Amino acid sequence: MKKYLFLICSLLMSLHSMGQGSNSRPNVLFLFADDQRADALGITGNPYIQTPAIDQLAREGSRFSNAYVMGGVHGAICMSSRAMLFSGKNLYKVTDKLSGQHTMTMSFAAAGYRTFGTGKWHNEKEMFEASFQEAKNVYLGGMANHYNLPLRDFGADGKLGEPTMKGYSTEQFAQAAVDFIKDHGKRNTDQPFFCYVAFTAPHDPYSPEADYINHYPDGALPLPGNYMPFHPFEFDQLTVRDENLTGWPRKPEVIQMILSDYYALVTHLDTQIAKILQALKETGQYDNTIIVYAADNGLAVGSHGLLGKQSLYEHSSKVPLIIKGPGVPQDQELDAFAYIHDLYPTLADLAGIPDPKDIDGVSLVPVIQGEKDGVRDALFTSYKQTVRAVRNNKYKLIRYPERDYTQLFDLENDPLELYNLAEIPTFKSKKEEMLLLMQQWQQSSGDQIKLTADKIKPMAYDPDTLVRKPDQWQPDYTLKRYFSDPAKQK
C-alpha cells in the first residue's frame, strides 16, 4: 500500500512540476492584420461587421482604444510599421529598414522560445531569415493578389526557398499557423513558442474569398460619418496606391461597394483566426498563450474623401490592439496611448524575458495591470515630409508644412475630425500650445523637418485632372467591379 501511495504522490508531483514549467513560460501568438481600421470590429461598437472570434478575444483580454502606428516614410506605411514593430524603435530610428536591428523574435529565441513565422514580410528577406527559426507560406512583398500569392518555405539551410503559387492568402497563412500549433502540441515539451501570423487582408485589392463575395450586399452598409466626395485640399499625392480604386468624386454607391468587400475580407479573416484559436484549444495550449491581435495601420475607405492610409486622420493612423493571456485582465478597455512599437517590450515583460535594450517602445504592462493610467500623455504621428500630427486626450493638431496649413480638432466632441478650429480666434492659444507640443515631440523623436516648408505649394486642385489606372496586383474580380464601368472609373 505504501508503495502505491509513493507512486501516486510521485506522479502528482511530476504533473505539478510539468504544469509549473509550462505555466511559467507562456507561448505567444501574434496575429497581424494588414490595413484594418480600428473601428472595423464588432467589439468597438460597429453593429454592421461580423467578427465574433476577434470580439471574443477582446472580451477575454484587454483592448486598447487609442493604439497607433507612428507613421511612414512613403506610401507603403506597412513597411515602416513592421520595422517599428520588430525593432521596438520609432520611425526616425528605423524608417522602413530592419537590417542591423535586434528583432523581437531574436530576443524570444535567445530566451529559449521556438519561433515560427508565416504571412507577409515587407522588410528585408535576410532579416526574416535571421528573425525566425521556422517558417512556412511566407510572402515577401506588399500589395498582392489574394487569390494567387507567391509563398516561400524555409529550406533545410534556414533560408527561404523559391516562391510557389498557392491558394487564397488568408487561408494559407492560417493553415500554416494551425499546422505549427498542432505540431508543437504533439511535442509535449516545456519549450514555449512565438508564432507570428501576418495576414495580407484586408489590404486591397478588395477581392474577398469566393464564398464571401456579397456576404455584405452592396448598399447594405452605411457611409462613414466623415464621408466626403473629395478631400477638401491637396496635401500630397492624391493618386497614391490605394486612392486609385475609384474615381473622383467618390460616389456614395461605390464607397458602399468598397465597404462591402472590405468588411467581407475582415469577416473571412475572423473565420480563419477562429481556426487558429481552435487549434490552440484542441492541443491544450490556449490558456497558456499570450495572444495579440493588431494591425499595421488603418484605412480611410471613403472617410475625408480618401481611400487609403496615407494621411494622419484617426481612421488611417489608429489600429486595433487586443492582448489576451496570462497576466492580462479580462474584458478591459483601456484608453491609454499605445504605439505598435510598444508591443516588443510589452510581450517581453509579459513573458518574463530580459527587457530589450536601446528601444523607444514602452511596456504597456503597468497599464494593463492597473498600475498606471498611461505611459505617455500625448502621441505624435508623421507621414513623409508632408504631414505631422500630435494629439492629447482632447485635442489633435495636424500640420501640413508644404501647404503652411493647420487643422485643430476637438476629438472629445468631434471624433470624426470634421470641424477645423485652427482659425477660430478663441482657439488661438490652444493651437499655439499644440504646435509647441508637436515641436517637442519632433525634437525627442529625431524629426528634423521644418513645420513650414521653404516653398509653399497650393492647396487647391482640380479633381477632374486626376488620372487613375489599375495595378498588376488587381485580380479579375476587382478589375471588373471597379475598372470596367467607365462611369465608375471617371
Seminar exercise, completed: Pairs returned, first residue in segment 333-353 that is closer than 23 Å to THR381 by Cα, second residue that is assigned to a helix (DSSP H, G or I) and among the polar types (S, T, N, Q), beta-carbon separation under 8 angstrom, 6 or more apart or interchain, are ILE340/SER81; HIS341/SER87; TYR344/SER87; TYR344/SER107
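Do you know which residues across segment 53-93 are on the phi > 0 side of the Ramachandran plot and assigned to a strand (DSSP E or B)? Walk me through how you get there before you give the answer.
First, the residues of segment 53-93 that are on the phi > 0 side of the Ramachandran plot: 71, 88.
GLY71 - this is the single residue of segment 53-93 that is on the phi > 0 side of the Ramachandran plot and assigned to a strand (DSSP E or B).
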Exercise. How about segment 113-133: which of its residues are within 18 Å of ASN27 (Cβ to Cβ) and assigned to a loop (DSSP other than H, G, I, E, B)?
Worked result: TYR113, PHE132, GLN133
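From the list ALA264, ALA210, ALA198, ALA220, which residue is more than 27 Å from TYR461 (Cβ to Cβ), modelled with pLDDT of 95 or more, crowded, with 23+ Cβ neighbours inside 10 Å and among the small types (Gly, Ala, Ser)?
Numbers: ALA210 fails: crowded, with 23+ Cβ neighbours inside 10 Å; ALA198 fails: crowded, with 23+ Cβ neighbours inside 10 Å; ALA220 fails: crowded, with 23+ Cβ neighbours inside 10 Å.
Checking each option against the conditions leaves just ALA264.
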Seminar exercise, completed: Note on ILE290: of the conditions (1) closer than 24 Å to GLU209 by Cβ; (2) in a strand (DSSP E or B), unmet is (1)
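Could you pull out the residue among LEU347, LEU334, LEU343, LEU364 that is in contact with a Leu (Cβ under 7 Å, 6 or more places away or on another chain) and in the same structural domain as SER80 (by TED's automatic domain parsing)?
Numbers: LEU347 fails: in contact with a Leu (Cβ under 7 Å, 6 or more places away or on another chain); LEU334 fails: in contact with a Leu (Cβ under 7 Å, 6 or more places away or on another chain); LEU364 fails: in contact with a Leu (Cβ under 7 Å, 6 or more places away or on another chain).
After applying the criteria, what remains is LEU343.
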For this session: Taking VAL178 as meeting all but one of (1) within 20 Å of MET127 (Cβ to Cβ); (2) touching a Lys or Arg at 6+ places or on another chain (Cβ under 7 Å), write down the number of the exception.
Result: (1)
Exercise. Got a number for residues in segment 416-438 being of a type outside the set (A, V, I, L, M) and closer than 28 Å to HIS74 by Cβ?
Worked result: 2
Seminar exercise, completed: Here the residues within segment 134-176 that are over 17 Å from PHE116 (Cα atoms), in a strand (DSSP E or B) and not aliphatic (A, V, I, L, M) are PRO150, THR164, LYS166
Exercise. Which of the residues that make up segment 247-280 are touching a Leu at 6+ places or on another chain (Cβ under 7 Å) and either closer than 15 Å to LYS309 by Cβ or assigned to a loop (DSSP other than H, G, I, E, B) (or both)?
Worked result: TRP248, ILE258
Exercise. Of the residues that sit in segment 437-452 and are touching a strand residue (DSSP E or B) at 6+ places or on another chain (Cβ under 9 Å) and in a loop (DSSP other than H, G, I, E, B), which one is surrounded by the most Cβ atoms within 10 Å (Cβ to Cβ)?
Worked result: ASP447
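Taking MET257 as the residue in question, decide whether it is touching a His at 6+ places or on another chain (Cβ under 6 Å) and either aliphatic (A, V, I, L, M) or more than 22 Å from ARG82 (Cβ to Cβ) (or both). It would help to see each step written out before you state the result.
Values: touching a His at 6+ places or on another chain (Cβ under 6 Å): no; either aliphatic (A, V, I, L, M) or more than 22 Å from ARG82 (Cβ to Cβ) (or both): yes.
Here the answer is no, as MET257 does not meet what is asked.
The values are calculated or read from the model by the stated rules, or taken from the named source; none is laboratory data. Predicted model only: the values in this text are computed from it and were never measured. Heads up, the Cβs are rebuilt from the backbone with ideal geometry, glycines too, and the neighbour counts pull from every protein chain shown.
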